[in-house]
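The values are calculated or read from the model by the stated rules, or taken from the named source; none is laboratory data. The structure displayed is predicted, hence computed values, not measured ones. Note that we place each Cβ from the backbone using ideal geometry, even for glycine, and neighbour counts take in every protein chain shown.
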Amino acid sequence: MKVFSLLALLFVAEACPQGQYQSNSECLACPSGTSPNSDQTTCYDVCGHPFGDGESCRDLCYVPFGDNNSCRDCDGVINGTTTVDACGHCGGDNSSCTDRCGVVNGFDDCKDCSGVRWGNKTVDECGVCGGDGSSCDHCVNITDPKEYVRRLCCLRC
């Protein structure tokens, strides 16, 4: 009888591996979504229910103990899809702040770089309005030979 009591004490003293609980003198894995309590006798879900599925305390956004606000769209609809547009209006289409040039939050100036209304000229890489990039010297002030080669300046040497 003393040998049986000693063996029972030894088994109870051994803890189950992490994520398992003790049931009828054997270690079993906790069901998905649960974890063992500190003495490894029961598995609890995030809601604190033994062997629960974790759903009873989740809000409509699926957040445990949530308040249904983390998934509201700008209209306040849970799991809604309405968004705030660039003008700051919920459900807007950017039209309330688009200027007549079609630029969101624009200034209605609709001028190209030469000042022509609705013109199509742009500033090139050399800073020239309507330029084609050929007017600037890409090799000015370059002292690194590798950079000369990278910019193909050596072709003009």
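When the range 76-102 is filtered for residues that are surrounded by 11 or more Cβ atoms within 10 Å (Cβ to Cβ) and farther than 30 Å from Asp59 by Cβ, the ones remaining, listed by number, are Ala86, Cys87, Asn94, Ser96, Cys97, Thr98, Asp99, Cys101.
When every residue of the range 46-53 is checked against the conditions, at least one turns out to be acidic (Asp, Glu) and closer than 30 Å to Gln20 by Cβ. Consider the range 104-113 and keep the residues that are surrounded by fewer than 14 Cβ atoms within 10 Å (Cβ to Cβ) and among the hydrophobic types (A, V, I, L, M, F, W, C). The one that is farthest from Arg72 (Cα to Cα) is Phe107.
So that you can scan it fast, the table gives a plain yes or no per residue for (1) more than 30 Å from Thr82 (Cα to Cα); (2) exposed (fewer than 12 other Cβ atoms within 10 Å of the Cβ):
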site	(1), (2)
Glu26	yes, yes
Cys43	yes, no
Val46	yes, no
Cys57	no, no
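Applying the selection to the range 60-109, what residues are assigned to a loop (DSSP other than H, G, I, E, B) and either in contact with a Pro (Cβ under 7 Å, 6 or more places away or on another chain) or β-branched (Val, Ile, Thr) (or both)? The answer is Val63, Val77, Thr81, Thr82, Thr83, Val103.
Being within 30 Å of Val46 (Cα to Cα), exposed (fewer than 14 other Cβ atoms within 10 Å of the Cβ), modelled with pLDDT of 85 or more and of a type in the set (D, E, K, R) is a property that does not hold for Asp73. Within the range 71-88, the set of residues being among the aliphatic types (A, V, I, L, M) and touching a strand residue (DSSP E or B) at 6+ places or on another chain (Cβ under 8 Å) comprises Ile78, Val84, Ala86.
Residues of the range 59-105 that are among the polar types (S, T, N, Q) and over 30 Å from Val116 (Cα atoms): Asn68, Asn69, Ser70, Asn79, Thr81, Thr82, Thr83.
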